[in-house]
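Visitor: Take this structure, written in structure tokens, and hold onto it; I'll ask about it next.
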Amino acid sequence: MTKRNWKGTTTVVAILMGTSLLMNGQAYAASETGLTSTTTHNQDKLQKKHKNDQNLQQIIEESIANQGNGQAEMDQFDQMVQDGMNNDLTANEESTTDSNLNKQTKDTAASFDHNTSASSSDIADQVISEGLKYKGVPYKYGSSKKTTRTFDCSSFTQRVFKEVGVKLPRDSRQQSKVGQKVSKDQLQKGDLVFFHSYGSSSSRITHVAIYAGDNKLLHTYGKPGVTTTKFKGTSWEKRFELGRRVI
């Protein structure tokens with residue numbers, strides 16, 4: 001009886017030990033499984049974080065690049081504006097210098113249209129006729145265009161042409177830029193004739209006269225005042241610069 005009881009006890013103990021070993025093995029396996037799962041999860045998190053960091057870095061780099069491009073575009077725009085302003089300033093300075101001349105040139109062209117009913121020859125005869133009315137009127141440098149009591153060379157030509165409906169600029173250098181340029185051999189009655197100073201090698205225009213035909217000039221200077229003089233074969237021919245046809 002006692003022997004059977006011992007064997008039974010041994011069997012129970014063996015069963016209990018086996019059960020314990022089985023449970024410990026399952027617990028170890030479960031532990032290994034949990035560790036593996038945790039490691040894999042952590043690796044996934046690290047990979048995801050690394051990927052997010054890369055995306056963030058890319059976004060930052062693109063943002064910086066875009067800012068650089070934007071700044072370059074702004075700099076280019078500012079330069080274009082400045083160039084445009086400079087171009088506008090340069091254009092304004094040039095147009096201001098010639099604005100009065102351009103206006104007077106247009107007025108002269110309009111006067112030509114107004115006188116289309118009369119031939120150029122008829123208008124030229126009128127110019128000479130009007131100019132001869134002032135023969136003997138004293139010369140005065142810088143005379144006002146509003147007076148006929150005195151003239152300088154360009155105020156005289158301006159006044160005479162104005163009386164036949166043709167507007168001219170005030171001074172001789174401006175008058176030398178209107179109308180059609182003609183050579184000395186092409187001069188016709190009513191043409192403007194321009195001269196440089198006596199004895200000067202400069203081409204700077206200092207005098208204007210009206211070609212009156214028959215080798216004569218109608219103009220004003222010095223003590224004679226308004227007068228006619230010969231052209232070819234005289235010092236006036238040597239001082240000739242150009243002619244302009246304005247009628």
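The values are calculated or read from the model by the stated rules, or taken from the named source; none is laboratory data. Everything numeric here is computed off the predicted structure, so don't read it as measured data. Here Cβ is always computed from backbone atoms with ideal geometry, including for glycine, and neighbour counts include all displayed protein chains. Remember, those area values only see protein heavy atoms, side chains included, never the ligands or the DNA or RNA. Shrake-Rupley method; radii C 1.70, N 1.55, O 1.52, S 1.80 Å.
Visitor: Among the residues that make up region 119-130, is at least one of them in a loop (DSSP other than H, G, I, E, B) and at pLDDT 95 or above? Give the steps one after another, and end with the answer.
Guide: If we filter region 119-130 for residues that are in a loop (DSSP other than H, G, I, E, B), which is where we start, we get 119.
Narrowing the set further to residues that are at pLDDT 95 or above leaves none.
No, because not a single residue in region 119-130 is in a loop (DSSP other than H, G, I, E, B) and at pLDDT 95 or above.
Visitor: Looking at region 172-207, which of its residues are of a type in the set (Gly, Ala, Ser) and surrounded by 12 or more Cβ atoms within 10 Å (Cβ to Cβ)? Don't jump to the end; show me each part of the working.
Guide: If we filter region 172-207 for residues that are of a type in the set (Gly, Ala, Ser), which is where we start, we get 172, 176, 179, 183, 190, 197, 199-203.
Within region 172-207, Ser172, Ser176, Gly179, Gly190, Ser197 meet the criteria.
Visitor: When you scan region 186-198, do you find a residue that is modelled with pLDDT of 95 or more, assigned to a helix (DSSP H, G or I) and within 18 Å of Ser121 (Cα to Cα), even just one?
Guide: Yes, region 186-198 contains at least one residue that is modelled with pLDDT of 95 or more, assigned to a helix (DSSP H, G or I) and within 18 Å of Ser121 (Cα to Cα).
Visitor: Output the residues belonging to region 188-217 that are of a type in the set (A, V, I, L, M, F, W, C) and farther than 17 Å from Ser176 by Cβ. It would help to see each step written out before you state the result.
Guide: Our first condition is that a residue be of a type in the set (A, V, I, L, M, F, W, C); within region 188-217, this holds for 192-195, 205, 208-210, 212, 217.
The answer is Ala212, and nothing else.
Visitor: If you take the residues of region 224-238 that are more than 17 Å from Asp152 (Cβ to Cβ) and assigned to a loop (DSSP other than H, G, I, E, B), which of them is least open to solvent (accessible area, probe 1.4 Å)?
Guide: This residue is Phe231.
Visitor: Another one. Tally time: how many residues in region 145-167 are open to solvent by less than 10 Å² (accessible area, probe 1.4 Å) and within 16 Å of Ile123 (Cβ to Cβ)?
Guide: So the count comes out to 4.
Visitor: Restricting attention to region 132-170, which residues are more than 45 Å from the chain's Cα centre (by Cα) and either within 13 Å of Leu192 (Cα to Cα) or assigned to a helix (DSSP H, G or I) (or both)?
Guide: Leu132
Visitor: Show the residue pairs that are 6+ apart or on different chains and have beta-carbon atoms under 8 Å apart, the first residue being within region 174-196 and more than 17 Å from Lys216 (Cα to Cα) and of a type in the set (A, V, I, L, M, F, W, C), the second being open to solvent by 10 Å² or more (accessible area, probe 1.4 Å) and modelled with pLDDT under 95.
Guide: Pairs found: Val178/Leu101; Val178/Gln104; Val178/Thr105.
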